[in-house]
Amino acid sequence: MKASEFRDLSVEELEVKEKELTEALFNLKFQHATGQLDNTAQLGKTRKDIARVKTILAEKQQAE
């Protein structure tokens with residue numbers, strides 16, 4: 001997702017999205033370790049999405 005799409009979400013939705021992405025990253029790492037992951041670029045994309053969510057979440061919490 002793009003940062004602009006994350007900015008449209010509320011704080012609660014961002015927290016849920018962060019949890020979902022963290023679980024997805026765990027699953028991707030597990031698949032990579034067992035050799036089942038075909039698209040390894042998905043690891044980096046998911047990590048960057050987590051960073052985007054955390055950044056926007058911190059901005060929104062600081063604004064409140």
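The values are calculated or read from the model by the stated rules, or taken from the named source; none is laboratory data. Quick caveat, the model's predicted, so the values are computed rather than measured. For neighbour counting, all protein chains shown are included, and Cβ atoms are generated from backbone atoms with ideal geometry for every residue, glycine included.
From the list 43, 25, 21, exactly one residue is at pLDDT 95 or above and in contact with a Leu (Cβ under 6 Å, 6 or more places away or on another chain). Which is it? Write out each step before concluding.
On the way: 25 fails: in contact with a Leu (Cβ under 6 Å, 6 or more places away or on another chain); 21 fails: in contact with a Leu (Cβ under 6 Å, 6 or more places away or on another chain).
Being at pLDDT 95 or above and in contact with a Leu (Cβ under 6 Å, 6 or more places away or on another chain) holds for just one of 43, 25, 21, which is 43.
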Please find, among 31, 62, 42, the residue that is part of a helix (DSSP H, G or I), without any contact (Cβ under 8 Å) to a residue 12 or more places away in the chain and surrounded by 13 or more Cβ atoms within 10 Å (Cβ to Cβ). 31
Enumeration of residues in segment 8-64 that are acidic (Asp, Glu) and over 13 Å from the mean Cα position of the chain (by Cα): 8, 12, 38, 59, 64
